[in-house]
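Trainee: Quick one: the structure is below, and I'll ask about it shortly.
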Amino acid sequence: MYSSKITGMGHYVPDNIVTNDDLSKIMDTSDEWIQERTGIKERRWIKEGSDDSTGTMGAKAARIAIERAGLTKDDIDFIIFATLSPDYFFPGNGVLIQDMLDMPTVGALDVRNQCSGFVYSLSVADQFIKTGMYKNVLVIGSEYHSGALDKTTRGRGLAVLFGDGAGAAVLSRSEDISKGILSTHLHSQGEHAEVLTVKAPSISHWVPAIIEGGAEDTSYHPFMDGQKVFKHAIVRFSEAITEGLEANKLTADDIDMFIPHQANLRITQFVQRRFNLSDDQVYSNIQKYGNTTAASIPIAMSEAWEEGKFKDGDLIVIAAFGSGFTWGSVVIRW
Ligand code: ACO
(Lines give C-alpha, C1' and ligand atoms only; values in the text may rest on other atoms or scores of the structure.)
Protein backbone atom coordinates (compact mmCIF):
# COMPACT_ATOMS: atom_id res chain seq x y z
CA MET A 1 0.00 0.00 0.00
CA TYR A 2 1.25 3.43 -0.93
CA SER A 3 0.29 6.98 -0.17
CA SER A 4 0.98 10.00 -2.36
CA LYS A 5 2.56 13.02 -0.74
CA ILE A 6 3.12 16.49 -2.10
CA THR A 7 6.91 16.79 -1.93
CA GLY A 8 7.40 20.04 -3.82
CA MET A 9 5.40 23.09 -4.88
CA GLY A 10 6.19 26.11 -7.02
CA HIS A 11 4.45 28.97 -8.76
CA TYR A 12 5.08 31.71 -11.26
CA VAL A 13 3.07 34.81 -12.15
CA PRO A 14 3.90 37.42 -14.80
CA ASP A 15 5.49 40.67 -13.54
CA ASN A 16 2.83 42.90 -15.07
CA ILE A 17 0.39 44.05 -12.37
CA VAL A 18 -2.98 45.34 -13.59
CA THR A 19 -4.96 47.16 -10.89
CA ASN A 20 -8.69 47.77 -10.84
CA ASP A 21 -7.95 51.44 -11.54
CA ASP A 22 -5.97 50.40 -14.63
CA LEU A 23 -9.06 48.52 -15.85
CA SER A 24 -11.31 51.48 -15.24
CA LYS A 25 -9.22 53.36 -17.82
CA ILE A 26 -10.05 50.86 -20.58
CA MET A 27 -13.64 49.89 -19.67
CA ASP A 28 -16.56 51.21 -17.67
CA THR A 29 -15.82 49.71 -14.27
CA SER A 30 -14.48 50.79 -10.87
CA ASP A 31 -12.28 49.58 -8.06
CA GLU A 32 -15.29 49.75 -5.75
CA TRP A 33 -17.50 47.56 -7.99
CA ILE A 34 -14.81 44.93 -8.45
CA GLN A 35 -13.66 44.77 -4.82
CA GLU A 36 -17.18 44.71 -3.41
CA ARG A 37 -18.33 41.81 -5.60
CA THR A 38 -15.15 39.78 -5.94
CA GLY A 39 -12.48 40.90 -3.44
CA ILE A 40 -10.02 41.36 -6.32
CA LYS A 41 -7.64 44.35 -6.10
CA GLU A 42 -5.23 43.47 -8.89
CA ARG A 43 -4.24 40.65 -11.20
CA ARG A 44 -1.25 39.73 -13.36
CA TRP A 45 -1.69 39.91 -17.11
CA ILE A 46 1.02 38.84 -19.53
CA LYS A 47 2.42 41.94 -21.22
CA GLU A 48 2.31 42.08 -24.99
CA GLY A 49 5.65 41.01 -26.39
CA SER A 50 6.54 38.94 -23.32
CA ASP A 51 7.73 35.35 -23.78
CA ASP A 52 5.24 34.12 -21.19
CA SER A 53 2.60 31.64 -22.30
CA THR A 54 0.56 28.92 -20.62
CA GLY A 55 3.41 26.50 -21.34
CA THR A 56 6.37 28.66 -20.34
CA MET A 57 4.69 29.80 -17.10
CA GLY A 58 3.89 26.16 -16.31
CA ALA A 59 7.50 25.19 -16.99
CA LYS A 60 8.79 27.90 -14.64
CA ALA A 61 6.47 26.75 -11.83
CA ALA A 62 7.36 23.10 -12.52
CA ARG A 63 11.11 23.68 -12.29
CA ILE A 64 10.67 25.21 -8.83
CA ALA A 65 8.38 22.38 -7.66
CA ILE A 66 10.78 19.68 -8.88
CA GLU A 67 13.77 21.34 -7.23
CA ARG A 68 11.91 21.81 -3.94
CA ALA A 69 10.94 18.12 -4.04
CA GLY A 70 14.67 17.38 -4.07
CA LEU A 71 14.33 15.72 -7.46
CA THR A 72 15.48 16.32 -11.02
CA LYS A 73 13.38 16.32 -14.17
CA ASP A 74 14.64 12.79 -14.88
CA ASP A 75 12.94 11.51 -11.69
CA ILE A 76 9.46 12.47 -12.96
CA ASP A 77 7.47 9.48 -14.26
CA PHE A 78 4.38 11.26 -15.57
CA ILE A 79 3.09 14.76 -16.36
CA ILE A 80 -0.44 16.07 -15.84
CA PHE A 81 -1.20 19.55 -17.16
CA ALA A 82 -4.46 21.31 -16.31
CA THR A 83 -5.51 24.34 -18.34
CA LEU A 84 -8.44 25.88 -20.18
CA SER A 85 -6.12 28.17 -22.12
CA PRO A 86 -3.74 25.80 -23.92
CA ASP A 87 -1.00 27.07 -26.22
CA TYR A 88 -2.29 24.93 -29.12
CA PHE A 89 -5.68 23.58 -30.12
CA PHE A 90 -3.74 20.31 -30.11
CA PRO A 91 -1.43 18.74 -28.98
CA GLY A 92 -1.92 19.56 -25.33
CA ASN A 93 0.38 21.47 -23.01
CA GLY A 94 1.59 18.29 -21.29
CA VAL A 95 3.79 17.35 -24.24
CA LEU A 96 4.92 20.95 -24.71
CA ILE A 97 6.19 21.10 -21.16
CA GLN A 98 7.84 17.69 -21.51
CA ASP A 99 9.88 19.24 -24.30
CA MET A 100 10.45 22.58 -22.54
CA LEU A 101 11.82 20.82 -19.47
CA ASP A 102 13.85 18.43 -21.65
CA MET A 103 12.33 15.46 -19.89
CA PRO A 104 12.62 11.83 -20.96
CA THR A 105 9.73 10.32 -22.98
CA VAL A 106 7.40 9.94 -20.00
CA GLY A 107 3.64 10.07 -20.52
CA ALA A 108 1.88 13.43 -20.56
CA LEU A 109 -1.82 14.05 -20.05
CA ASP A 110 -3.88 17.23 -20.36
CA VAL A 111 -6.84 17.82 -18.06
CA ARG A 112 -9.57 20.14 -19.37
CA ASN A 113 -11.64 20.74 -16.27
CA GLN A 114 -11.28 24.50 -15.90
CA CYS A 115 -11.47 25.72 -12.29
CA SER A 116 -11.56 22.12 -11.05
CA GLY A 117 -8.60 21.16 -13.23
CA PHE A 118 -6.05 20.99 -10.43
CA VAL A 119 -8.35 18.99 -8.15
CA TYR A 120 -9.01 16.51 -10.96
CA SER A 121 -5.28 16.36 -11.75
CA LEU A 122 -4.34 15.64 -8.14
CA SER A 123 -6.90 12.85 -8.12
CA VAL A 124 -5.49 11.29 -11.30
CA ALA A 125 -1.91 11.57 -9.99
CA ASP A 126 -2.99 10.05 -6.67
CA GLN A 127 -4.48 6.99 -8.40
CA PHE A 128 -1.35 6.42 -10.49
CA ILE A 129 0.81 6.55 -7.36
CA LYS A 130 -1.44 4.47 -5.13
CA THR A 131 -1.68 1.68 -7.70
CA GLY A 132 2.13 1.56 -7.78
CA MET A 133 2.35 2.56 -11.44
CA TYR A 134 4.35 5.76 -10.89
CA LYS A 135 6.63 7.11 -8.19
CA ASN A 136 6.78 10.84 -8.95
CA VAL A 137 4.07 12.70 -10.86
CA LEU A 138 4.35 16.35 -11.90
CA VAL A 139 1.02 18.19 -11.79
CA ILE A 140 0.74 21.67 -13.31
CA GLY A 141 -2.06 24.23 -13.53
CA SER A 142 -1.42 27.21 -15.79
CA GLU A 143 -3.61 29.83 -17.44
CA TYR A 144 -3.12 32.63 -19.91
CA HIS A 145 -6.54 34.25 -19.62
CA SER A 146 -5.73 37.78 -20.61
CA GLY A 147 -5.23 36.86 -24.27
CA ALA A 148 -8.89 35.82 -24.69
CA LEU A 149 -10.74 38.33 -22.52
CA ASP A 150 -12.92 41.00 -24.08
CA LYS A 151 -11.23 44.03 -22.51
CA THR A 152 -13.99 46.46 -23.40
CA THR A 153 -17.07 47.47 -21.44
CA ARG A 154 -18.95 44.69 -23.26
CA GLY A 155 -16.69 42.09 -21.61
CA ARG A 156 -16.29 43.75 -18.20
CA GLY A 157 -18.39 41.14 -16.38
CA LEU A 158 -15.61 38.61 -17.00
CA ALA A 159 -12.51 40.64 -17.85
CA VAL A 160 -12.17 41.99 -14.31
CA LEU A 161 -12.23 38.52 -12.76
CA PHE A 162 -9.43 36.61 -14.43
CA GLY A 163 -5.64 36.66 -14.13
CA ASP A 164 -2.65 34.81 -15.59
CA GLY A 165 -0.26 32.52 -13.74
CA ALA A 166 0.90 28.99 -13.04
CA GLY A 167 1.42 26.63 -10.14
CA ALA A 168 2.88 23.13 -9.92
CA ALA A 169 3.22 20.26 -7.49
CA VAL A 170 5.21 17.06 -7.38
CA LEU A 171 3.36 14.09 -5.89
CA SER A 172 5.61 11.32 -4.70
CA ARG A 173 5.10 7.77 -3.49
CA SER A 174 5.29 7.27 0.28
CA GLU A 175 4.98 4.14 2.41
CA ASP A 176 3.50 6.10 5.32
CA ILE A 177 -0.20 5.73 4.53
CA SER A 178 -1.27 7.84 7.52
CA LYS A 179 -0.13 10.93 5.60
CA GLY A 180 -0.53 12.38 2.11
CA ILE A 181 -3.70 12.47 0.04
CA LEU A 182 -6.42 10.78 2.09
CA SER A 183 -9.21 11.11 -0.45
CA THR A 184 -10.38 12.81 -3.62
CA HIS A 185 -13.98 13.25 -4.75
CA LEU A 186 -14.94 14.42 -8.24
CA HIS A 187 -18.26 15.47 -9.77
CA SER A 188 -19.71 17.01 -12.90
CA GLN A 189 -23.09 18.19 -14.22
CA GLY A 190 -22.96 18.80 -17.95
CA GLU A 191 -26.47 20.21 -18.17
CA HIS A 192 -24.83 23.49 -17.07
CA ALA A 193 -22.07 23.45 -19.70
CA GLU A 194 -23.44 26.59 -21.35
CA VAL A 195 -23.47 28.66 -18.15
CA LEU A 196 -19.71 29.29 -18.20
CA THR A 197 -18.09 28.65 -21.55
CA VAL A 198 -15.91 29.70 -24.45
CA LYS A 199 -17.58 28.16 -27.48
CA ALA A 200 -15.17 28.86 -30.28
CA PRO A 201 -13.07 28.30 -32.20
CA SER A 202 -14.39 24.77 -32.40
CA ILE A 203 -14.73 22.27 -35.20
CA SER A 204 -18.35 23.34 -35.64
CA HIS A 205 -17.59 27.08 -35.42
CA TRP A 206 -14.23 27.55 -37.02
CA VAL A 207 -12.15 30.71 -37.49
CA PRO A 208 -13.62 31.78 -40.89
CA ALA A 209 -17.10 31.79 -39.35
CA ILE A 210 -15.82 33.96 -36.49
CA ILE A 211 -14.20 36.41 -38.91
CA GLU A 212 -17.40 36.53 -40.97
CA GLY A 213 -19.36 37.35 -37.81
CA GLY A 214 -17.11 40.36 -37.20
CA ALA A 215 -17.26 42.28 -33.94
CA GLU A 216 -20.75 40.87 -33.26
CA ASP A 217 -19.38 37.33 -32.90
CA THR A 218 -18.39 36.97 -29.25
CA SER A 219 -18.22 33.18 -29.29
CA TYR A 220 -14.45 33.22 -28.75
CA HIS A 221 -14.73 35.28 -25.56
CA PRO A 222 -15.75 33.65 -22.29
CA PHE A 223 -19.44 33.81 -21.40
CA MET A 224 -20.74 33.43 -17.85
CA ASP A 225 -24.07 33.62 -16.11
CA GLY A 226 -22.41 34.88 -12.92
CA GLN A 227 -25.38 34.59 -10.59
CA LYS A 228 -26.06 31.00 -11.61
CA VAL A 229 -22.40 30.13 -11.11
CA PHE A 230 -22.48 31.76 -7.67
CA LYS A 231 -25.58 29.87 -6.53
CA HIS A 232 -24.27 26.49 -7.66
CA ALA A 233 -20.73 27.15 -6.42
CA ILE A 234 -21.65 27.74 -2.79
CA VAL A 235 -23.74 24.54 -2.71
CA ARG A 236 -21.22 22.33 -4.52
CA PHE A 237 -18.18 23.64 -2.61
CA SER A 238 -19.93 22.76 0.63
CA GLU A 239 -21.08 19.34 -0.58
CA ALA A 240 -17.61 18.39 -1.82
CA ILE A 241 -15.95 19.40 1.46
CA THR A 242 -18.53 17.54 3.53
CA GLU A 243 -18.17 14.46 1.33
CA GLY A 244 -14.39 14.49 1.75
CA LEU A 245 -14.56 14.96 5.50
CA GLU A 246 -17.19 12.26 6.00
CA ALA A 247 -15.26 9.75 3.88
CA ASN A 248 -12.39 10.16 6.36
CA LYS A 249 -14.62 10.21 9.46
CA LEU A 250 -13.60 13.82 10.10
CA THR A 251 -15.53 17.01 10.76
CA ALA A 252 -14.98 20.67 9.97
CA ASP A 253 -13.40 21.02 13.44
CA ASP A 254 -10.50 18.90 12.18
CA ILE A 255 -9.62 21.31 9.33
CA ASP A 256 -6.34 23.17 9.84
CA MET A 257 -6.25 24.86 6.45
CA PHE A 258 -8.84 25.23 3.72
CA ILE A 259 -7.50 26.13 0.30
CA PRO A 260 -10.35 26.86 -2.09
CA HIS A 261 -10.15 27.51 -5.79
CA GLN A 262 -9.86 31.31 -5.80
CA ALA A 263 -13.08 32.01 -7.72
CA ASN A 264 -14.44 34.96 -5.83
CA LEU A 265 -13.83 36.13 -2.25
CA ARG A 266 -17.56 36.17 -1.59
CA ILE A 267 -17.85 32.47 -2.47
CA THR A 268 -14.89 31.68 -0.20
CA GLN A 269 -16.37 33.71 2.66
CA PHE A 270 -19.70 31.94 2.30
CA VAL A 271 -17.99 28.55 2.57
CA GLN A 272 -15.85 29.81 5.47
CA ARG A 273 -18.98 30.79 7.41
CA ARG A 274 -20.74 27.53 6.51
CA PHE A 275 -17.92 25.50 8.11
CA ASN A 276 -17.26 27.99 10.89
CA LEU A 277 -13.61 28.48 9.92
CA SER A 278 -11.48 31.39 11.16
CA ASP A 279 -9.59 33.70 8.79
CA ASP A 280 -6.36 31.87 9.73
CA GLN A 281 -7.83 28.58 8.50
CA VAL A 282 -8.65 29.84 5.01
CA TYR A 283 -6.08 30.81 2.41
CA SER A 284 -7.06 33.59 0.02
CA ASN A 285 -4.85 35.36 -2.49
CA ILE A 286 -7.50 36.30 -5.06
CA GLN A 287 -6.93 39.94 -3.98
CA LYS A 288 -3.53 39.91 -5.78
CA TYR A 289 -4.08 37.48 -8.65
CA GLY A 290 -7.78 37.39 -9.53
CA ASN A 291 -9.17 34.06 -10.65
CA THR A 292 -6.40 32.01 -12.26
CA THR A 293 -8.63 28.96 -12.75
CA ALA A 294 -6.56 25.73 -12.93
CA ALA A 295 -3.57 27.62 -11.52
CA SER A 296 -5.35 29.13 -8.52
CA ILE A 297 -5.05 26.23 -6.08
CA PRO A 298 -1.39 25.38 -6.83
CA ILE A 299 -0.41 29.08 -6.65
CA ALA A 300 -2.24 29.39 -3.31
CA MET A 301 -0.73 26.15 -1.99
CA SER A 302 2.76 27.14 -3.08
CA GLU A 303 2.44 30.53 -1.37
CA ALA A 304 0.96 29.02 1.79
CA TRP A 305 3.78 26.50 1.83
CA GLU A 306 6.39 29.24 1.41
CA GLU A 307 4.78 31.15 4.28
CA GLY A 308 5.15 28.09 6.52
CA LYS A 309 1.40 27.61 6.89
CA PHE A 310 1.48 23.79 6.58
CA LYS A 311 2.71 21.94 9.66
CA ASP A 312 3.41 18.27 9.99
CA GLY A 313 0.14 16.42 10.60
CA ASP A 314 -2.11 19.32 9.54
CA LEU A 315 -5.39 18.51 7.83
CA ILE A 316 -5.62 20.44 4.56
CA VAL A 317 -8.83 20.54 2.57
CA ILE A 318 -8.86 21.67 -1.04
CA ALA A 319 -12.04 22.26 -3.02
CA ALA A 320 -12.95 23.66 -6.42
CA PHE A 321 -15.98 24.38 -8.53
CA GLY A 322 -16.18 25.71 -12.05
CA SER A 323 -17.18 25.47 -15.67
CA GLY A 324 -18.76 22.20 -16.73
CA PHE A 325 -20.05 22.34 -14.08
CA THR A 326 -17.28 20.34 -12.48
CA TRP A 327 -16.31 20.26 -8.82
CA GLY A 328 -14.48 18.21 -6.24
CA SER A 329 -12.37 18.06 -3.11
CA VAL A 330 -9.04 16.69 -1.91
CA VAL A 331 -8.32 15.91 1.73
CA ILE A 332 -4.64 15.83 2.69
CA ARG A 333 -2.88 14.92 5.92
CA TRP A 334 0.36 16.91 5.67
N1 ACO B 1 -17.94 46.91 -13.52
C2 ACO B 1 -19.03 47.64 -13.33
N3 ACO B 1 -20.27 47.17 -13.56
C4 ACO B 1 -20.39 45.91 -14.00
C5 ACO B 1 -19.26 45.08 -14.22
C6 ACO B 1 -18.01 45.64 -13.97
N7 ACO B 1 -16.85 44.93 -14.13
N8 ACO B 1 -19.71 43.89 -14.65
C9 ACO B 1 -21.03 43.94 -14.70
N10 ACO B 1 -21.44 45.16 -14.31
C11 ACO B 1 -22.81 45.66 -14.21
C12 ACO B 1 -23.78 44.90 -15.06
O13 ACO B 1 -23.79 45.35 -16.39
C14 ACO B 1 -25.08 45.15 -14.36
O15 ACO B 1 -25.56 46.41 -14.71
P16 ACO B 1 -27.13 46.69 -14.90
O17 ACO B 1 -27.72 46.41 -13.55
O18 ACO B 1 -27.17 48.10 -15.32
O19 ACO B 1 -27.56 45.70 -15.94
C20 ACO B 1 -24.67 45.20 -12.89
O21 ACO B 1 -23.26 45.49 -12.87
C22 ACO B 1 -24.94 43.93 -12.14
O23 ACO B 1 -24.41 42.85 -12.93
P24 ACO B 1 -24.47 41.38 -12.43
O25 ACO B 1 -23.80 40.49 -13.42
O26 ACO B 1 -25.90 41.07 -12.03
O27 ACO B 1 -23.57 41.53 -11.16
P28 ACO B 1 -23.47 40.58 -9.94
O29 ACO B 1 -23.82 41.31 -8.73
O30 ACO B 1 -24.10 39.27 -10.17
O31 ACO B 1 -21.89 40.34 -9.88
C32 ACO B 1 -20.33 38.60 -10.40
C33 ACO B 1 -21.23 39.69 -10.96
C34 ACO B 1 -19.26 39.25 -9.54
C35 ACO B 1 -19.64 37.86 -11.54
C36 ACO B 1 -21.23 37.68 -9.56
O37 ACO B 1 -22.31 37.20 -10.31
C38 ACO B 1 -20.51 36.55 -8.99
O39 ACO B 1 -19.82 36.71 -8.01
N40 ACO B 1 -20.65 35.35 -9.58
C41 ACO B 1 -19.92 34.20 -9.21
C42 ACO B 1 -19.21 33.76 -10.39
C43 ACO B 1 -17.75 33.80 -10.25
O44 ACO B 1 -17.17 34.17 -9.26
N45 ACO B 1 -17.13 33.33 -11.27
C46 ACO B 1 -15.73 33.23 -11.31
C47 ACO B 1 -15.37 32.32 -12.41
S48 ACO B 1 -16.10 30.76 -12.26
C49 ACO B 1 -15.38 30.00 -11.04
O50 ACO B 1 -14.21 30.18 -10.83
C51 ACO B 1 -16.18 29.14 -10.20
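Trainee: State, to one decimal in nm, how far the label point of F270 lies from the label point of D176, with both points 7 Å from Cα in the Cβ direction.
Mentor: Placing both labels 7 Å along Cα→Cβ, they lie 3.8 nm apart.
Trainee: Top to bottom by accessible area (1.4 Å), largest first, where do T153, T293 land?
Mentor: Ranking T153, T293 by accessible area, largest first, yields T153, T293.
Trainee: Using the Karplus equation 6.51 cos²θ - 1.76 cosθ + 1.60 (θ = phi - 60°), what ³J(HN,Hα) coupling, rounded to whole Hz, does each residue of the stretch 50-64 give in order, writing x for Gly and Pro?
Mentor: Taking θ as phi minus 60°, the curve returns 6, 7, 5, 8, 4, x, 5, 5, x, 5, 5, 5, 5, 4, 5 Hz for the stretch 50-64.
Trainee: Further, regarding this structure: With +1 on the Cβ of every Lys and Arg and -1 on the Cβ of every Asp and Glu, and nothing else charged, how large is the dipole of the stretch 199-334 about its Cα centre, in debye rounded to the nearest 20?
Mentor: 280 debye
Trainee: Out of the total accessible area of the stretch 181-333 (probe 1.4 Å, heavy atoms of protein only), what percent is carbon and sulfur? Intermediate results must be reported in sequence, preceding the final value.
Mentor: Working: 3370 of 6760 Å².
In the stretch 181-333, the share of accessible area belonging to carbon and sulfur is 50 percent.
Trainee: Let me ask another. Under 5 Å between amide hydrogens, which residues at least 5 positions from G290 or on another chain qualify, with H placed 1.01 Å from N in the peptide plane?
Mentor: K41, E42
Trainee: Moving on to the next point. Using amide H atoms built 1.01 Å from N in the peptide plane, name the residues 5+ places from G165, or on other chains, whose amide H lies under 5 Å from its own.
Mentor: E143, H145
Trainee: Let me ask another. With r as the distance between the Cβ atoms of D279 and K199 and R0 = 30 Å, compute the FRET efficiency 1/(1 + (r/R0)^6) and round to 0.05.
Mentor: 0.20
Trainee: Counting only heavy atoms of protein chains, what accessible area per residue, in Å², does the stretch 3-177 have with a probe of 1.4 Å?
Mentor: 42 Å²
Trainee: Still on this structure, please answer the following. May I ask for the net charge around H205, where only other residues with Cβ less than 13 Å from the Cβ of H205 are counted and Lys, Arg are +1 while Asp, Glu are -1?
Mentor: -1
Trainee: Tell me the trypsin sites (Lys or Arg not before Pro) within the stretch 257-334 that lie in a loop according to DSSP and have at most 15 other beta-carbon atoms within 10 Å.
Mentor: K311
Trainee: Just need the relative contact order of the chain here, percent rounded to a whole number, with Cα pairs under 8 Å and 6+ apart.
Mentor: Values: 801 pairs, mean separation 87.4, N = 334.
Once divided by the residue count of the chain, the mean separation gives 26 percent.
Trainee: Got a sec? Which residues in the stretch 145-162 would a label at W33 touch, if it sits 7 Å along Cα→Cβ and we count backbone N under 15 Å?
Mentor: Correct set: 150-162.
Trainee: Cα centroid distance between the stretch 104-169 and the stretch 20-61, in Å?
Mentor: Their Cα centres are 18 Å away from one another.
Trainee: Quote the convex hull volume per residue of the stretch 181-333, based on C-alpha atoms, as a whole number of Å³.
Mentor: It is 129 Å³ per residue.
Trainee: Out of residues 5 or more away from F321 or on other chains, whose amide H comes under 5 Å of its own, with H placed 1.01 Å from N in the peptide plane?
Mentor: Placed amide hydrogens put H261 under 5 Å from F321.
Trainee: Select from S121, Q281, F162 the residue farthest towards the positive end of the dipole of the chain; place +1 on Cβ of Lys and Arg, -1 on Cβ of Asp and Glu, and compute about the Cα centre.
Mentor: Value computed over the given set: Q281.
Trainee: So how far apart, in nm, are the two label points at F89 and A209 if each is 7 Å from Cα heading toward Cβ?
Mentor: 1.2 nm
Trainee: Determine, from the Cβ-Cβ distance of D254 and T153 and an R0 of 45 Å, the FRET efficiency 1/(1 + (r/R0)^6), rounded to the nearest 0.05.
Mentor: Details: r = 46 Å, r/R0 = 1.03.
The value I calculate is 0.45.
Trainee: Report in % the part of the accessible area of the stretch 3-177 that belongs to carbon and sulfur, leaving out ligands and nucleic acids; probe 1.4 Å.
Mentor: On the way: 3580 of 7300 Å².
The computed percentage sits at 49.
Trainee: The stretch 173-216: which GluC sites (Glu not before Pro) are DSSP loop and have at most 16 other beta-carbon atoms within 10 angstrom?
Mentor: E175
The values are calculated or read from the model by the stated rules, or taken from the named source; none is laboratory data. As the structure is a computational prediction, the values presented were derived from the model and not from experiment. Glycine gets a Cβ as well: all are built from the backbone with ideal geometry, and neighbour counts include every protein chain shown. Heads up: the accessible areas ignore ligands, DNA and RNA and are worked out on the full protein's heavy atoms, side chains in. Shrake-Rupley method; radii C 1.70, N 1.55, O 1.52, S 1.80 Å.
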